[in-house]
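The values are calculated or read from the model by the stated rules, or taken from the named source; none is laboratory data. These figures come from a predicted structure and were not determined experimentally. Cβ atoms come from the backbone with ideal geometry, glycine included; neighbour counts cover every protein chain shown.
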Amino acid sequence: MKLEKKIDVLGFGALNLDQIYQVDHIAGADDEAYIKNVTESCGGSAANTIIALAKLGLSTGYIAKIGADEEGSTLKNNLIQEKVDTSPVITSLEGRSGRVMDFIDPQGQRALYINPGVNDDIKFAEINLDYVNHTQILHLSSFVGDSFKTQKKVAEQLNEDVILSFDPGRLYVHKGIKALQKILKRTNLLLINEIELQILVEGRYDSYEQAAHTFIQDGMDVVVVKRGEDGVYAYNGIEEVDVEAYKVECVDSTGAGDTFNAGFIYGYLKQFSLEESCRLGNFIASKCIQQKGATTGLEDMDKILSQRNKY
């Protein structure tokens with residue numbers, strides 16, 4: 001298949017139907033909580049980022065696996081509706097599509113339970129490497145199981161001109177640096193939150209700034225440390241910035257880091273400054289958390305971009 005045009009950003013990660021439970025509080029061991037409301041939405045960390053990028057007007061595609069079930073049809077149709085190219089999406093005739101149970105308290109904090117389904121069964125032979133290498137940025141996020149091995153093989157066979165963006169998430173940082181080495185070695189943009197960074201480096205550094213500097217010395221282009229309400233820190237080997245978060249009411253923190261990634265990646269591709277890319281990421285994340293669901297707050301992206309100079 002001859003590809004006439006490069007895709008701006010290609011995502012590769014889990015694709016899940018999120019069941020969102022509004023609860024009075026997040027229950028702990030031997031605790032009880034009650035459910036106030038239940039909704040469903042389409043999710044997956046890299047998928048949230050790709051949908052936000054599509055809303056920003058970039059050409060996007062997505063690599064994932066779904067079941068031949070109603071949930072799979074819903075997930076694929078949602079990507080199509082958001083103008084994401086679904087030709088890399090694999091449909092399995094056996095197994096079920098992924099699901100996530102998302103429990104959210106009145107402060108917008110959450111706890112997730114993942115039922116991965118066929119997400120964990122993506123084989124390297126099912127990946128169209130020509131398609132992957134015909135993108136400007138490949139953005140990776142985590143899987144629960146064996147599809148991680150396929151991501152590592154893809155990272156090893158990327159063309160040099162493809163930028164690899166990586167948000168490891170809590171599942172992957174617990175694997176440790178050694179397990180992630182093949183991906184980290186190829187990573188250009190590391191997008192990670194502060195707690196995940198601490199877990200990943202296992203306390204070997206006194207600060208997140210020191211850890212970021214070490215990753216840059218090892219060959220990365222940019223390290224971004226997402227710090228929630230404390231803002232974001234970024235370093236590219238030349239300059240480092242600390243950018244404050246926008247102070248807004250948090251209704252649902254689902255997708256905040258994913259939509260930040262979209263704003264940052266957009267700024268990176270458009271050659272914004274490091275600080276401006278972080279501000280755009282923060283601004284889009286602030287829009288996300290004011291609504292329930294990962295991408296429902298991102299409906300007016302043209303207006304967001306038109307206000308760029310006011311960030």
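Structure summary
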read-out: Flag for residue 223 being closer than 19 Å to residue 181 by Cα, at pLDDT 95 or above and either part of a strand (DSSP E or B) or over 22 Å from the mean Cα position of the chain (by Cα) (or both); value: yes
read-out: Residues (in contact (Cβ under 8 Å) with a residue 60 or more places away in the chain, hydrophobic (A, V, I, L, M, F, W, C) and within 18 Å of residue 179 (Cα to Cα)) located in the stretch 118-159; value: 140, 143, 144, 154
read-out: Those helices (runs of 4 or more DSSP H) lying entirely in the stretch 44-154 with at least 2 residues exposed (fewer than 14 other Cβ atoms within 10 Å of the Cβ); value: 70-81, 129-132
read-out: Single condition residue 28 does not satisfy, out of (1) assigned to a loop (DSSP other than H, G, I, E, B); (2) touching a residue at least 24 places away in the same chain (Cβ under 8 Å); value: (2)
read-out: Identity of the residue in the stretch 1-25, assigned to a loop (DSSP other than H, G, I, E, B) and more than 21 Å from residue 119 (Cβ to Cβ), that ends up modelled with the lowest pLDDT; value: 1
read-out: Where residue 205 falls short, out of the listed (1) in a helix (DSSP H, G or I); (2) farther than 27 Å from residue 61 by Cα; (3) of a type in the set (Phe, Trp, Tyr); value: (1)
read-out: Residues of the stretch 76-102 classified as under 16 Å from the mean Cα position of the chain (by Cα) and at pLDDT 95 or above, total; value: 2
read-out: Meets criteria (over 21 Å from residue 264 (Cβ atoms), surrounded by 13 or more Cβ atoms within 10 Å (Cβ to Cβ) and in contact with a strand residue (DSSP E or B) (Cβ under 7 Å, 6 or more places away or on another chain)) for residue 162; value: no
